[in-house]
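Engineer: Here it is: the structure, laid out below.
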Amino acid sequence: MARPRSFDRDAALEQAMRAFWAQGYEQTSISDLTRAMGIAPPSLYAAFGDKRRLFDEAVARYQSDAGAPVRQGLAADTARGAVERMLRVAATEYTRDDTPQGCFILSEPLLGDERARSDGALRDRLQRGVDAGELPAGTDVATLAAFYGSVLNGMSARARDGAGVDELRNVAELALRAWPTAVP
């Protein structure tokens, strides 16, 4: 008969997410994880399977909680509102004192598929903006999405290097000045 779990799985997952976010998948050892989670290796394996499955759960948790900039941005009523919200939320979220700095998805090399999905969602939102007349006809949606994705990536990197919320807000404001307008 298996013994009942003697730890809070959800709290342990939160700590694993933070360890992966701060150090990256490759640099985070099982020892790092068990220390952060406050459990022994057998408990980690029993509850989560292996390091990769734990990582996958940690990524899903991040996306449902801390991965707010893209999700919140895409919910805006207009294409410009989506980008504006994305950048402003990122400035705040990437510099929080109670989490690792920057964006887990943007900084983790293993998450290229997740970044591609976010990029595609941003392109789709911008295309809807063109279709609705919010952006000039003929706007190069792929390049515009790449530009704002690059701004987010840069904001994440700056936050990981210690930039504060005011700097990132200024970057966001400057990036918003590049928003395409109709040519008279």
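The values are calculated or read from the model by the stated rules, or taken from the named source; none is laboratory data. All values reported here derive from a predicted model rather than from experimental measurement. Ideal geometry is used to build each Cβ from the backbone, glycine not excepted, and the neighbour counts take in all protein chains shown.
Engineer: Residue by residue through region 38-54, note down the ones that are in a helix (DSSP H, G or I) and over 11 Å from residue 16 (Cα atoms). Walk me through how you get there before you give the answer.
Structural biologist: We begin by selecting, within region 38-54, every residue in a helix (DSSP H, G or I); these are 41-48, 51-54.
Those that are in a helix (DSSP H, G or I) and over 11 Å from residue 16 (Cα atoms): 41, 42, 43, 45, 46, 47, 52, 53.
Yes/no matrix, rows are residues, columns are (1) of a type in the set (A, V, I, L, M); (2) within 21 Å of residue 62 (Cα to Cα):
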site	(1), (2)
110	yes, yes
132	yes, no
156	no, yes
161	no, yes
177	no, no
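Engineer: Somewhere in region 54-69, is a residue among the aliphatic types (A, V, I, L, M), buried (at least 20 other Cβ atoms within 10 Å of the Cβ) and over 19 Å from the mean Cα position of the chain (by Cα)?
Structural biologist: Scanning region 54-69 turns up no residue that is among the aliphatic types (A, V, I, L, M), buried (at least 20 other Cβ atoms within 10 Å of the Cβ) and over 19 Å from the mean Cα position of the chain (by Cα).
Engineer: Do we find a residue being modelled with pLDDT of 95 or more and exposed (fewer than 13 other Cβ atoms within 10 Å of the Cβ) anywhere in region 146-154?
Structural biologist: Yes, region 146-154 has at least one match.
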